[in-house]
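Structure, as structure tokens:
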């Protein structure tokens, strides 16, 4: 009986003690940085270019299929909102469409890009289709 009492006391002690964590945060100011350069680029504007991309989204989070190559260095606003994990399907489809347009035409930039976004939402399943059109921009010199 004494062993049961010791086991009960030890179990109660183990349950009543636990781990504690402490977080001390300091108020900070946002860090805002800007980069200024005196570089000027001469861009030759050419013919019209275009690109298309499509992605399927399951449960608003899981990407099914879609493209694997994307344009980098540009922030694409999707307008879908609520994607706190950085999983904005519209932005990734825009980036893939821009990559395809630039890669297929041999351009350096898309001048005056216009995006057409078509979202078909079936509650559990969503299809995002994006088309981009613009002018081919080729950098001729940087001074």
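Quick notes on this one:
- Failed criterion for residue 67 (all others in (1) under 30 Å from residue 141 (Cβ atoms); (2) modelled with pLDDT of 80 or more; (3) part of a loop (DSSP other than H, G, I, E, B) hold): (1)
- Scan of segment 97-118 for residues that are more than 11 Å from residue 48 (Cα to Cα) and touching a helix residue (DSSP H, G or I) at 6+ places or on another chain (Cβ under 7 Å), ordered by number: 115, 117
- Scanning segment 53-62 for residues that are outside any loop (DSSP other than H, G, I, E, B) and surrounded by fewer than 15 Cβ atoms within 10 Å (Cβ to Cβ) yields 58, 62.
- Checking each residue in segment 101-132 for being more than 21 Å from the chain's Cα centre (by Cα) and surrounded by fewer than 18 Cβ atoms within 10 Å (Cβ to Cβ) picks out 104, 106, 108, 111, 112, 122, 123.
- Annotation: of all residues in segment 7-45 being in a helix (DSSP H, G or I) and surrounded by 10 or more Cβ atoms within 10 Å (Cβ to Cβ), the one that is modelled with the lowest pLDDT is 12.
- Whether a residue is in contact with a strand residue (DSSP E or B) (Cβ under 6 Å, 6 or more places away or on another chain), within 30 Å of residue 59 (Cβ to Cβ) and buried (at least 20 other Cβ atoms within 10 Å of the Cβ) was assessed, and residue 98 passes this test.
- Any chance residue 78 is under 27 Å from residue 138 (Cα atoms), modelled with pLDDT under 80 and surrounded by 10 or more Cβ atoms within 10 Å (Cβ to Cβ): yes
The values are calculated or read from the model by the stated rules, or taken from the named source; none is laboratory data. All values reported here derive from a predicted model rather than from experimental measurement. No Cβ is skipped: glycine too gets one built from the backbone with ideal geometry, and neighbour counts run over all protein chains shown.
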